[in-house]
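To keep things clear, I will list the structure first and then write my remarks on it.
The values are calculated or read from the model by the stated rules, or taken from the named source; none is laboratory data. What you see is a predicted model, and the numbers here were worked out from it, not measured in a lab. Neighbour counts run over all protein chains shown; Cβ positions are idealised from the backbone, glycine included.
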Amino acid sequence: MTKWVYGFGNGTADGKAEMRDLLGGKGANLAEMSSIGLPVPPGFTVTTEVCTYYYANSRAYPPELKAQVAAALADVEKIVGRKFGDPDNPLLVSVRSGARASMPGMMDTVLNLGLNDTTVLGLVRSSGDERFAYDSYRRFIQMYCNVVLEIDHHNFEEVLEQKKLDLDVHLDTDLKASDWKDVIKQYKKVIERELGKPFPQDPQEQLWGAVGAVFGSWMNQRAITYRKLHDIPESWGTAVNVQAMVFGNMGDDCATGVAFTRNPSTGENLFYGEYLVNAQGEDVVAGIRTPQQLTVQGKEAQKSDRPAMEEVMPEVYGQLAEIRSTLERHYRDMQDIEFTVQSGKLYMLQTRNGKRTAKAALKIAVDMVREGLIDRKEAVTRIAPASLDQLLHPTLDPKAQRKVLAKGLPASPGAAFGKVVFTADAAEKMARDGEKVILVRRETSPEDIHGMHAAQGILTSTGGMTSHAAVVARGMGKPCVAGAGDVRIDAKAGTLTVRGTTVKAGEAITLDGSTGEVILGIVPTIQPELSGDFAELMDWADGVRTLKVRTNAETPADAATARKFGAEGIGLCRTEHMFFEGDRIVAVRQMILSDDEKGRRAALARIAPMQRQDFVELFEIMAGLPVTIRLLDPPLHEFLPKTDAEMAQVARELGVAEKEIEARAAKLHEFNPMLGHRGVRLGISYPEIYEMQARAIFEAAVEVRKKHGKTVDAEIMIPLVATKRELDLMKEVIDQVANEVGKLNGVTLDYKVGTMIELPRAALRAGEIAESAEFFSFGTNDLTQTTFGLSRDDSASFLERYQRRGIFEHDPFATLDVEGVGELIRIAHERGRRTRKDLKLGICGEHGGDPASVFFCHQVGLDYVSCSPFRVPIARLAAAQAALGVALKTD
Ligand code: PEP
Ligand code: MG
């Protein structure tokens, strides 16, 4: 016969903590606490399987359930020495839902169940407190009507308010027993009026009504929405916990409280909690009375003059402190507990792993290893990789007020405030004058770089997670909110407007790049602190991971930051980004707009020494670690001059008429620049560009080796390849330059040539391409764009709707689409390695720093991921969790 009901209490239990799926989180932990001898009021759990049965059988219960519940209830009666429905000595119970994952959207709790017009008299007698008994009864009616009978609570509040007005009192505590009796009478009238039938007096009917309401709440709209938001499958179902009532509101030797076994915001190993004398749990949560601190230390920290539980109830506090360490030793994790003290006796009502900040998670994990509670591997599984963001960037002060103006994509984490500016020049100028500024643009382009550098944060109204603003801001470690479609920018007028609210240039806004929020005014931020714990935990993570982590970096500053964060090389140096700054962009424009090879070579000659110097610095910083340099891949629209002044400048440099430049720029205009004349296509058209770059790389390598005796591991990467022939032609150019530079310097150059895989054709033809390529790096930004046929620059405007409608679970430019894009990666991996066993495989799209995508990369068998510097620690930790074979920790 199926066991549908699991009892607990009196030092034993049918269930245990591992039975969470069957008993729900609350039920499993009540059973566990009971069986390790903690004082838990006895009760029983109706399993999640009953919930499943209920919905599979038109809301009917399994036939054996009634008898099993009756038997379990009889056991509870025996333990507490009271009977359910007994007029003299009634057993009262609480009924609570309890799913596998905590679900605040569901029915919560009914307390004092079992009270009726007769048993309330029994409670008067057994408690010796008439006021308490009638107060309990009216609370029960209110809760039961609200959650089971679904009568709106304002009906009852009205009655109570009127009563207080009549009596001319303000507080519930001012009502006497006779007043409560009166209130109850009127409550009953409300029920008759609303339901056309009386309040159920039969305790059995009450019990089954509450059980049915819990199961029914599994399918209420709030619960459905909550499940959707938190990826909780409908098939899980909820359990129901029925438990003997204990009262924290029966006098001054009673209390109720909640606590964390360690501080959940700092992680400090200090007991942290609150309690209220003579109160029920709901009073603590409802905030009607201000709770007091559990410990003297807590009281002093809060500068409170109200006594701590440690002082008021030293003996009970002593037991609680003992239980705190028992629970931590048992669960080997920080616990979040609820307790009640009835007439000086302590009862545990709940325990669960406590929610905590990233800072606390880190400290607790490292401390617990030192305390011998967990080992290092376990510690590595305890921290959500994505949460490390909180530790690496400034965050908004959680205590501060915020008025959210608009929401965009959380494109680059961290928080910042500053005065709004609409041009990069204004940003630079104001920053020079010591002002903090936020650069606001429809979208950014290479000529905004100096403004992005100068700004505290960047806001754009268009563009997605891989837009120029997003990618560059992440590289710089600056907060960025991208694609905030509700923000209307009028740069000429110097205003931004969001649904009627206008912010003028010079007025302040705050960005939270971790949530995508744009906030009016200044919200103070908190600076991150990287403690020794952080480095220690990252060391442990490195000890278990097999996937290497490199960085996407092109500036010495970014490369150095990435090294500090543990990058094991550069996986993508976007050489076109090296041309964004200063005069370089002018030379690049000159090159692009030259109409013959001679003109291009002249421009390239200007760029070459700067390129060489760049590579020297990168090679030095990376000190022998691999450096993957991608040859030029400029989507042309990012580089063409736009303003008249820019046109004029290029015309001057090239010595031709401005009109001529305009005409050439117009000729180069593309409708789909992302699918246009970029990547290797540019190399095929103008091989002199790649030739110059290869020369700069090899000369830099020779210089670093000669001057500093340092080794250089250069990998030269060709972008946007679709065919083997494209790669072969470029490889010829590179090999020839290597020969020349080698001969000239009397050395043999050691380097690899490989390709990005960022087009579906390249993935499919990987077997053939691997004949020429020594490595592949998956450019999943373009691969996502081209697999979905979805523009990485323009899709932000409708992607959110796609997510809301459940078409996409995540933004595919942020989290890898493992089914589609992932299949192309698998195919390329398999076909590439079949041709070349030691083919090196990595990923350098933005997904390389996304924990779920890192998991996929580990599982598929890539050698490394590469991501922006500030995401390196996140990728290291995600790679470690993947290697340990545990599920990715996400909260
Ligand atoms: C990519 O496409 O994934 C990539 C890394 O290249 P980029 O973003 O520069 O196009
Ligand atoms: Mg690309």
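Taken over the range 75-102, the criterion of being aliphatic (A, V, I, L, M) and at pLDDT below 95 is satisfied by Ala99, Ala101.
Condition check for Met103 on (1) in a loop (DSSP other than H, G, I, E, B); (2) at negative phi; (3) surrounded by fewer than 22 Cβ atoms within 10 Å (Cβ to Cβ): one failure, at (3).
So in the range 617-660, with the set limited to residues that are assigned to a loop (DSSP other than H, G, I, E, B) and not hydrophobic (A, V, I, L, M, F, W, C), which one is nearest to ligand 1 (Cβ to nearest atom)? Lay out the reasoning, then the answer.
Within the range 617-660, the subset assigned to a loop (DSSP other than H, G, I, E, B) is 623-625, 631-635, 639-643, 655-657.
Then keep just the ones that are not hydrophobic (A, V, I, L, M, F, W, C); that gives 624, 633-635, 641-643, 655.
Numbers: Gly624: 24, Asp633: 6, Pro634: 9, Pro635: 8, Pro641: 21, Lys642: 21, Thr643: 25, Gly655: 32 Å.
Restricting to residues being assigned to a loop (DSSP other than H, G, I, E, B) and not hydrophobic (A, V, I, L, M, F, W, C), the top hit is Asp633.
Of the residues that make up the range 783-790, is at least one without any contact (Cβ under 8 Å) to a residue 60 or more places away in the chain, surrounded by fewer than 24 Cβ atoms within 10 Å (Cβ to Cβ), more than 16 Å from ligand 2 (Cβ to nearest atom) and at positive phi? No - not one qualifying residue is present in the range 783-790.
Evaluate the following for Gly463: is it part of a strand (DSSP E or B) and under 28 Å from the mean Cα position of the chain (by Cα)? Explain how you work it out, then say what you get.
Working: part of a strand (DSSP E or B): no; under 28 Å from the mean Cα position of the chain (by Cα): yes.
So Gly463 does not fit the description; no.
When only residues in the range 291-318 that are of a type in the set (S, T, N, Q) and surrounded by fewer than 18 Cβ atoms within 10 Å (Cβ to Cβ) count, which is modelled with the lowest pLDDT? It would help to see each step written out before you state the result.
Within the range 291-318, the subset of a type in the set (S, T, N, Q) is 292-293, 295, 297, 302, 304.
Okay, now just the ones that are also surrounded by fewer than 18 Cβ atoms within 10 Å (Cβ to Cβ), so 297, 302, 304.
Working: Gln297: 94, Gln302: 81, Ser304: 85.
Once the filter is applied, the top-ranked residue is Gln302.
Restricting Leu160, Leu165 to those that are in a helix (DSSP H, G or I) and surrounded by fewer than 16 Cβ atoms within 10 Å (Cβ to Cβ) reduces the list to Leu165.
Only one entry of Asp595, Asp614 meets the criterion of being more than 35 Å from the chain's Cα centre (by Cα) and in a loop (DSSP other than H, G, I, E, B), and that entry is Asp595. Would you check if there is a residue in the range 156-163 being within 23 Å of Gly248 (Cβ to Cβ) and among the aliphatic types (A, V, I, L, M)? Looking through the range 156-163, at least one residue is within 23 Å of Gly248 (Cβ to Cβ) and among the aliphatic types (A, V, I, L, M).
Here the range 729-746 is the region considered, the condition is being surrounded by 14 or more Cβ atoms within 10 Å (Cβ to Cβ) and aliphatic (A, V, I, L, M), and the residue that is nearest to Glu699 (Cα to Cα) is Val741.
Which of the residues spanning the range 563-587 are closer than 21 Å to Leu654 by Cα, assigned to a helix (DSSP H, G or I) and hydrophobic (A, V, I, L, M, F, W, C)? Full working, then the answer.
Within the range 563-587, the first condition is being closer than 21 Å to Leu654 by Cα, and the residues that meet it are 576, 579-587.
Filter again for assigned to a helix (DSSP H, G or I), leaving 576, 579, 584-587.
Phe579, Ile585, Val586, Ala587, listed by residue number.
Report whether or not Phe776 is closer than 30 Å to Arg705 by Cα, within 16 Å of ligand 2 (Cβ to nearest atom), in the same structural domain as Gln859 (by TED's automatic domain parsing) and within 36 Å of the chain's Cα centre (by Cα). Yes: the conditions hold for Phe776. For beta carbons closer than 6 Å, sequence separation of 6+ or different chains, a first residue in the range 832-847 that is under 25 Å from Arg876 (Cβ atoms) and a second that is within 16 Å of ligand 1 (Cβ to nearest atom) and modelled with pLDDT under 95, the qualifying pairs are Glu846/Thr466. The helices (runs of 4 or more DSSP H) located wholly in the range 295-341 that include 2 or more residues which are within 27 Å of Ala379 (Cβ to Cβ) and either in contact with a helix residue (DSSP H, G or I) (Cβ under 9 Å, 6 or more places away or on another chain) or free of Cβ contacts under 8 Å to residues at least 24 places away in the same chain (or both) occupy 296-301, 314-331.
Selection of the range 747-773 for residues being buried (at least 20 other Cβ atoms within 10 Å of the Cβ) and either of a type in the set (Gly, Ala, Ser) or not assigned by TED's automatic domain parsing to the domain that holds Thr551 (or both) yields Gly754, Ala762, Ala763, Ala766, Ala770, Ser772, Ala773.
Residue-by-condition table, conditions (1) closer than 30 Å to Ala406 by Cα; (2) within 16 Å of ligand 2 (Cβ to nearest atom); (3) assigned to a helix (DSSP H, G or I):
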{"position": "Asp793", "(1), (2), (3)": "yes, yes, no"}
{"position": "Phe798", "(1), (2), (3)": "yes, no, yes"}
{"position": "Leu816", "(1), (2), (3)": "yes, yes, no"}
{"position": "Arg826", "(1), (2), (3)": "no, no, yes"}
{"position": "Arg833", "(1), (2), (3)": "no, no, yes"}
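Among the residues of the range 799-853, those identified as away from ligand 1 (no atom under 14 Å from the Cβ) and aromatic (Phe, Trp, Tyr) are Tyr802, Phe808.
For the range 568-587, which positions are farther than 21 Å from Ile689 by Cβ and either within 16 Å of ligand 1 (Cβ to nearest atom) or not assigned by TED's automatic domain parsing to the domain that holds Leu877 (or both)?
Going through the range 568-587, the residues farther than 21 Å from Ile689 by Cβ turn out to be 568-569, 571.
If the condition is that a residue be farther than 21 Å from Ile689 by Cβ and either within 16 Å of ligand 1 (Cβ to nearest atom) or not assigned by TED's automatic domain parsing to the domain that holds Leu877 (or both), then Gly569, Gly571 are the ones that fit.
Against the numbered list (1) at pLDDT 90 or above; (2) out of contact with any helix residue (DSSP H, G or I) (no Cβ under 9 Å at 6 or more places or on another chain), Ala286 comes up short only at (1).
Summed over the range 355-368, the residues that are in contact (Cβ under 8 Å) with a residue 40 or more places away in the chain, surrounded by 20 or more Cβ atoms within 10 Å (Cβ to Cβ) and of a type outside the set (Lys, Arg) give a count of 6.
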